[in-house]
Amino acid sequence: MTARSEGSTILLVESDTGEAKSRKTKLENFGYDVIIAHSGEEAVEAVSSRHDIDLILMDINTGSYIDRSQGILKGNDVPVLFLVAGSETGVFEKTGEIPSYGYIVKDSGMSVFDAGIKSALRLFTTLKEENLEKEALRESEERLSLAMDASEHGYWDWNIENDTIYFSPNYYRMLGYEPGDLAGHHENWENILHPHDKETTLPVIRKCINSGEAFSENIRLKHKDGSWKWISSRGKPCEFNSNGKATRAVGVYVDVDSQVRAEQDNITLTHRVNAGLRIGNLAWWEMHLPSGKVIFDDTKAEMLGFTPERFSTFEDFTSLLHPDDIEIAMQAMRDYLDGNVDVYDVEYRIRTADGTYKYFRDVGGITERNADTGDIRVIGIVQDVTRRKKAEDSLKNAYNEKKELLRELQHRAKNSFATIESLMRLKSRAVSNPDAKDTIEELRVRVHAIAELYSMLYDTGTPGLVNLGEYCKKITTPMAGLTDKVEFITETENIQSNTR
């Protein structure tokens, strides 16, 4: 807004008609638009009905001027300039309650009138701009305060020269205090700062203040209940003296206690998970299809003796697979993606940095699928099972060795039984005594029965069980040869008997 002079509209309040007309003519000659009001009522009506009046020029002795002026100005923001007689006394007492922008002696020349009017208009404009700036500042501070309260933030203003700090009400509330409970001095603030932060964070803040740089640090302040609360302190010096030294700094406090504690819990959990994975020779991986991009735990690369930078797509891993295992691994993934199996689960050999092979087991599944693009994300776990596979191979080799030994023992035992039977058969033929012959034959049949049992146990591969039906069929024929007086009829069921 700029002050108007020529072309401004003036309301001239003058009860003397002749004086009013004369003054109006002179003012119009200076470029002003003039409206005359001969009474207070006319003045009030003019101001109320028109909004283009820039200034009121009023005779101070026109009737009840105070009541009239207040009535004219009520609800209207218009400067008032009083006309006074040169010898008049008590002017200020008469207008003490009225906002006045100056006084002009009635018999002054028009140049004085013109200068007085211009001065009043400039003063009015200046004051109005200042009021607007103050109101804008007040509204801005109110909005800032409301925003800080809504976001549970607080702000501070530190006068570094006299070491006093203003803290907003929300600063006190976030620490459990009422506004004003803590005196606004830097020393008091340090008293509630965590001892560790005094040694580490405080020097950083001081360095930034001294260098004029902004800072953002998480600190711990003592709550009224004695606990420590994480606060994000952000600020910056904003005023400096002639030597460039900061004299004032402002900033905000943000309650980040829940966030920091959640981050700390997450770090602890991540450490535990990573420790467990390393102890179990496990590593996680993530693959995006169809791009083939992979994200993985560094441990997976370390298991193979490579740096993580060695791998970026799944082909970087499959290129290390043992030639005999490539198709096995690829088919396992195809079967899973095609829905033939519920989970991707495969074991394979993979080459390490030193050229040897390790056994890995991969288990994974789809965790995210984009129905529009067809993109999928597969997450899984890989485990180094080399030790287990070596143990399995050792057991398999030991089993095969024992199996070969058992086969050799069975072969020798079978030959031994056959030799005994043959010798007993020869002996039976050599003796002439019938009783001795019968005894030898009976013993031979028993040996044969034992040999058959031994063979059955070996041949069936179940050394603890024998089929009694089959066993009885095998031993009844040689028993029938012991006598011609007994007829054997064998009808058996499939009965399993534990030989132990």
Checklist entry - From the backbone phi of segment 331-348, what are the Karplus-calculated ³J(HN,Hα) couplings (6.51 cos²θ - 1.76 cosθ + 1.60, θ = phi - 60°) in whole Hz, Gly and Pro given as x? => result 5, 4, 5, 4, 4, 5, 5, 7, x, 6, 10, 7, 8, 7, 8, 8, 10, 7
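Relative contact order for segment 165-223 using alpha-carbon pairs under 8 Å, separation at least 6, rounded to a whole percent? Could the numbers behind the result be given before it?
Working: 38 pairs, mean separation 20.0, N = 59.
Relative contact order, segment 165-223: 34 percent.
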Checklist outcome for this item: A correct Karplus calculation of ³J(HN,Hα) over segment 363-369, with 6.51 cos²θ - 1.76 cosθ + 1.60, θ = phi - 60°, whole Hz and x for Gly and Pro, returns 10, x, x, 6, 10, 8, 9
Checklist entry - Using 0.36 nm per residue, how much length does the chain from Leu406 to Leu137 gain when fully extended, once their Cα-Cα distance is taken away? => result 86.8 nm
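For segment 314-466, calculate the relative contact order in percent as a whole number, restricting contacts to Cα pairs under 8 Å that are 6 or more residues apart.
11
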Item to check | Label-point separation in nm, Glu368 to Ile328, each point 7 Å along Cα→Cβ | outcome: 3.3
Checklist entry - lysines near Lys389 by alpha-carbon distance under 20 Å, same-chain residues fewer than 8 away left out - which ones? => result Lys300, Lys358, Lys402
Checklist entry - Among Leu337, Leu395, what's the order by accessible area (1.4 angstrom probe), most exposed first? => result Leu395, Leu337
Checklist outcome for this item: With all protein chains in place and a 1.4 Å probe, Ile376 shows an accessible area in Å² (nearest 10) of 20
Checklist outcome for this item: The percentage of the accessible area of segment 370-425 (probe 1.4 Å, all protein chains present) made up of carbon and sulfur atoms, to the nearest whole number, is 55
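With r defined as the distance between the Cβ atoms of Tyr103 and Leu123 and R0 fixed at 22 Å, what FRET efficiency is calculated, to the nearest 0.05? Display every interim value, and only then the final one.
Details: r = 13 Å, r/R0 = 0.59.
E between Tyr103 and Leu123, to the nearest 0.05, is 0.95.
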Next on the checklist: Straight-line reach only, C-alpha to C-alpha below 28 angstrom: list the lysines that Lys224 could link to, leaving out same-chain residues fewer than 8 apart.
Outcome noted: Lys198, Lys236
Item to check | Reachable lysines from Lys437, criterion Cα separation under 30 angstrom, eight or more residues apart if same chain | outcome: Lys414, Lys427, Lys473, Lys474, Lys485
Checklist entry - Using a simple spin-label model with points 7 Å from Cα along the Cα→Cβ vector, what separation in nm is obtained for Ala275 and Asn340? => result 4.3
Checklist outcome for this item: Once both label points are put 7 Å beyond Cα along the C-beta direction, the Asn210-Thr313 separation in nm becomes 5.5
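The values are calculated or read from the model by the stated rules, or taken from the named source; none is laboratory data. Everything numeric here is computed off the predicted structure, so don't read it as measured data. Here Cβ is always computed from backbone atoms with ideal geometry, including for glycine, and neighbour counts include all displayed protein chains. Accessible surface is based on the protein model in full, side chains and every heavy atom, while ligands, DNA and RNA are left aside. Shrake-Rupley method; radii C 1.70, N 1.55, O 1.52, S 1.80 Å.
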